[in-house]
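Colleague: Handing you a structure now.
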Amino acid sequence: MKTDFRISLLQYIFIFIFSTVGISLYATDDLQSMSDYLDHIIDNKELFTKQKEQDITNLKKLLEKKNASLEYEYEINLKLYNEYKKFKLDSAIHYAERNVQIANTLNKTNLRYLSEINLATSYSYAGRFRESEEILKKIHPSKLSKDILCEYYNAYCRFFEHYEAISNQPKYSQQTRLYKDSLLLVLDPSSFDYKINMVSKYISQKQNDKAEELLFDLLDTEDIDTPNYAIVTHYLGYIFGWKGEPELEKKYYIMSAIADVKNSIKENSSFLRLALIYNDNGDIAKAFKYTQSAIEDAMFSQVQFRTAQMVRFYSIINASYQAKEAKTNAALKTYLILISVLSLFLILLVVYIYKQMKKLSRIKKELSNVNEKLTELNRELNETNDLLHSKNAQLRESNDVKEQYIGQFFNLCSTYIDKMEDYRKTLYKLGINRQYEELIKILKSTTVVDNELDELYTHFDSIFLSLYPTFVTDFNSLLAENEQIVLKSGDLLNKELRIYALLRLGITDNVKIAGFLRCSMSTIYNYRTKMRNKAAIDRDEFEDMVMKIGIAGRKEE
């Protein structure tokens, strides 16, 4: 129980921080910062989903009340229906169906009409149009109270909107407009629903200036990051797109998408608009990210008409993504050629330096016969010669390392290109066959990356130990006897040894080490501190001694 409370408290803290940052971003009006913030909350949207599920769980606990009346259960079910209808559709249908049963048992006409209208609306979202229409046709609007009549006309509006989206037949938009006009006649003119439906009507009549004026009035009255705020900013994004103002279009669609994520509204359309906008601007990465987020939400909520829309959107974004991948592969080939040329240049440079060293050695022999007056100069030359020998040894060692790693690098690049081609063919085949669930499952899986990392580390360990075969033994000799590292069967190196292997190769930057080993900088720092504390020698000299491992053997060579 305490653990659940701590988790819930942490969720509230994170959500509070996200909300505070979002409000400050709206104040700065920085489009790039808003876009980055949207990407950040997409990566962490599971927090908002869990909070939504926690709120629903708290509501469900109210149903456990002993000796509760059917009227009480009806009210709780209605609240659960409203929580679920734009979150998880099958659950919304469940509670709507249960309320139909309760209303029939109680024989209360108004409750029965309301629950049947809610069920018809849910069926419409789920793409079950025949069942939805059958329910609505049985209801006589003349028998409905004003409040329920609003729900009735709204249900028909949604029905024809969804049916038009699924069937791709614009002729049903006329039916939507007729029911929207009827809805406006019964709504309270001061209510949000009335005003937002007027916005929709103005837009359908091409009176976008009136729609914009009304939307900005609503924007001043609605709280930031609420469901209503998401609707208002979505319409504003549409208006500014129609006016040809792309920066404001993106701004308001981003604000709408942020509000959708924070409220765990899975039935949303701002992500789809943003995906197309960024795709048209050539930012394929963002377009793909937003499309993927929209698909995840649609699959989670099971809203049928959104899924149908996304099929068309995904094909556009995926085509652009594939084109970018082709350009990336071409660039990779160019880089490989450049690396090959540079490697050849490096080899020639090493040969030149080696010849220069031999030339210096001959000069040293000639200077050995010089007058005693040049003794001091001769001593300095001897010191210089010793330094050059040391540098030459380091160059030979560096050359060995580079030769080994360059050769393996070519092999890895070739293998990786083959794997990428196979992976691309697999994804392309799934896309062609419309196996979108399997495609998403593969895209979300980290198995490929994990396997590639394991293979990379195995290659690294093998090459490193071929260069420094006594590294593990020499490293353990620097540690206290009871602190020495014992490798698992089959392992060449573990994480601690890889950190010091990278240090031995001259990579001392914790950021680069952390990036290679896929861990945080604090983890690298902790490992290095831990090893120094286990040293059998002075801890301040420990890493210097590690850097000397293998040097004696190379001098003998």
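Colleague: Go over the candidates Asp540, Asp544, Asp491 one by one and state the one that is assigned by TED's automatic domain parsing to the domain that holds Phe471 and not in a helix (DSSP H, G or I).
Modeller: Details: Asp540 fails: not in a helix (DSSP H, G or I); Asp544 fails: not in a helix (DSSP H, G or I).
Selected residue: Asp491, the only one of Asp540, Asp544, Asp491 that is assigned by TED's automatic domain parsing to the domain that holds Phe471 and not in a helix (DSSP H, G or I).
Colleague: Can you list residue pairs whose Cβ atoms sit under 6 Å apart, with the first residue in region 134-153 being among the aromatic types (Phe, Trp, Tyr) and the second being not in a loop (DSSP other than H, G, I, E, B)? Count only pairs 6 or more apart in sequence or on different chains.
Modeller: The qualifying pairs are Tyr152/Ile117; Tyr152/Pro141; Tyr153/Tyr179; Tyr153/Ser182; Tyr153/Leu183.
Colleague: Hey, could you check region 152-192 for residues that are of a type in the set (A, V, I, L, M) and in a helix (DSSP H, G or I) and say which is surrounded by the fewest Cβ atoms within 10 Å (Cβ to Cβ)?
Modeller: Step one: filter region 152-192 for residues of a type in the set (A, V, I, L, M), giving 155, 165-166, 178, 183-187.
Still in the list and also in a helix (DSSP H, G or I): 155, 165-166, 178, 183-186.
On the way: Ala155: 24, Ala165: 16, Ile166: 17, Leu178: 14, Leu183: 22, Leu184: 17, Leu185: 9, Val186: 18.
For region 152-192, the residue satisfying everything is Leu185.
Colleague: Please state which one of Lys201, Lys195 is of a type in the set (D, E, K, R), in a helix (DSSP H, G or I) and under 21 Å from Ile265 (Cβ atoms). First the steps, then the outcome.
Modeller: Details: Lys201 fails: under 21 Å from Ile265 (Cβ atoms).
On inspection, the qualifying residue turns out to be Lys195.
Colleague: Spot the failing condition for Ser69; the list is (1) in contact with a helix residue (DSSP H, G or I) (Cβ under 6 Å, 6 or more places away or on another chain); (2) more than 30 Å from Lys286 (Cβ to Cβ), and only one is missed.
Modeller: It fails just one condition, (1).
Colleague: If you check Ala259 against the conditions, is it more than 23 Å from Gln51 (Cβ to Cβ) and in contact with a helix residue (DSSP H, G or I) (Cβ under 8 Å, 6 or more places away or on another chain)? Walk me through it before giving the result.
Modeller: Values: more than 23 Å from Gln51 (Cβ to Cβ): no; in contact with a helix residue (DSSP H, G or I) (Cβ under 8 Å, 6 or more places away or on another chain): yes.
No; evaluated as a whole, the condition is false for this residue.
Colleague: Got a number for residues in region 118-139 being buried (at least 23 other Cβ atoms within 10 Å of the Cβ) and more than 16 Å from Tyr84 (Cβ to Cβ)? Walk me through it before giving the result.
Modeller: Going residue by residue through region 118-139, those that are buried (at least 23 other Cβ atoms within 10 Å of the Cβ) are 118-125, 132.
Okay, now just the ones that are also more than 16 Å from Tyr84 (Cβ to Cβ), so 132.
Residues that pass the stated criteria total 1.
Colleague: Then there's this: Does any residue of region 209-227 turn out to be under 21 Å from Tyr152 (Cα atoms) and in a helix (DSSP H, G or I)? Please lay out each step first, then the result.
Modeller: Initially, region 209-227 is screened for residues under 21 Å from Tyr152 (Cα atoms), giving none.
The answer is no; no qualifying residue exists.
Colleague: Enumerate the pairs (first residue in region 414-432 and under 16 Å from Lys327 (Cα atoms); second residue anywhere and at pLDDT below 75) with beta-carbon separation below 8 Å, excluding pairs fewer than 6 apart on the same chain, so at least 6 apart or on different chains.
Modeller: Arg424/Gln322; Arg424/Glu325
Colleague: Identify, please: which residue in region 458-476 is in a helix (DSSP H, G or I) and free of Cβ contacts under 8 Å to residues at least 24 places away in the same chain and is, among those, nearest to Asp540 (Cα to Cα)? Before you say what the answer is, go through the steps one by one.
Modeller: Initial filter on region 458-476 (in a helix (DSSP H, G or I)): 458-467, 471-476.
Within this subset, residues satisfying the condition of being free of Cβ contacts under 8 Å to residues at least 24 places away in the same chain are 473, 476.
Details: Thr473: 20, Asn476: 17 Å.
Across region 458-476, the extreme among qualifying residues is Asn476.
Colleague: Report yes if some residue within region 365-382 is exposed (fewer than 14 other Cβ atoms within 10 Å of the Cβ), out of contact with any Lys or Arg (no Cβ under 9 Å at 6 or more places or on another chain), charged (D, E, K, R) and at pLDDT 80 or above; otherwise report no.
Modeller: no
Colleague: Does Gly550 satisfy the condition of being among the small types (Gly, Ala, Ser) and more than 24 Å from Asp450 (Cβ to Cβ)? Before you say what the answer is, go through the steps one by one.
Modeller: On the way: among the small types (Gly, Ala, Ser): yes; more than 24 Å from Asp450 (Cβ to Cβ): yes.
Spelling it out, Gly550 is indeed among the small types (Gly, Ala, Ser) and more than 24 Å from Asp450 (Cβ to Cβ).
Colleague: On the basis of being under 33 Å from the mean Cα position of the chain (by Cα), modelled with pLDDT under 85 and either assigned to a helix (DSSP H, G or I) or under 19 Å from Lys530 (Cβ atoms) (or both), does Glu496 make the cut?
Modeller: Numbers: under 33 Å from the mean Cα position of the chain (by Cα): yes; modelled with pLDDT under 85: no; either assigned to a helix (DSSP H, G or I) or under 19 Å from Lys530 (Cβ atoms) (or both): yes.
No.
Colleague: Sort out which residues of region 27-41 are surrounded by 18 or more Cβ atoms within 10 Å (Cβ to Cβ) and either without any contact (Cβ under 8 Å) to a residue 24 or more places away in the chain or of a type outside the set (S, T, N, Q) (or both), and write them in order of number.
Modeller: Restricting attention to region 27-41, the residues satisfying the condition of being surrounded by 18 or more Cβ atoms within 10 Å (Cβ to Cβ) are 34-35, 37-38, 41.
Listed by number, the residues that qualify are Met34, Tyr37, Leu38, Ile41.
Colleague: Right, next: Write out, first by first residue and then by second, each pair whose Cβ atoms fall under 8 Å of each other, whose residues are 6+ apart or on separate chains, and whose first residue, in region 245-256, is among the β-branched types (Val, Ile, Thr) while the second is at pLDDT below 90 and not in a helix (DSSP H, G or I).
Modeller: none
Colleague: Starting from region 339-359, take each residue that is assigned by TED's automatic domain parsing to the domain that holds Asn382 and list its partners that are among the small types (Gly, Ala, Ser) and assigned to a helix (DSSP H, G or I), counting only C-beta distances under 9 angstrom and pairs at least six apart or across chains.
Modeller: Note: pairs meeting the criteria are Val350/Ser398.
Colleague: May I pose another question? Quick one: in region 148-189, of everything that is β-branched (Val, Ile, Thr) and over 40 Å from the mean Cα position of the chain (by Cα), which residue is nearest to Arg112 (Cα to Cα)?
Modeller: Taking region 148-189 and keeping what is β-branched (Val, Ile, Thr), we get 148, 166, 176, 186.
Now drop any that are not over 40 Å from the mean Cα position of the chain (by Cα), which leaves 148, 186.
Numbers: Ile148: 10, Val186: 20 Å.
Result: Ile148.
The values are calculated or read from the model by the stated rules, or taken from the named source; none is laboratory data. Just so it is clear, the structure is predicted and the values come from calculations on it, not from any experiment. Glycine gets a Cβ as well: all are built from the backbone with ideal geometry, and neighbour counts include every protein chain shown.
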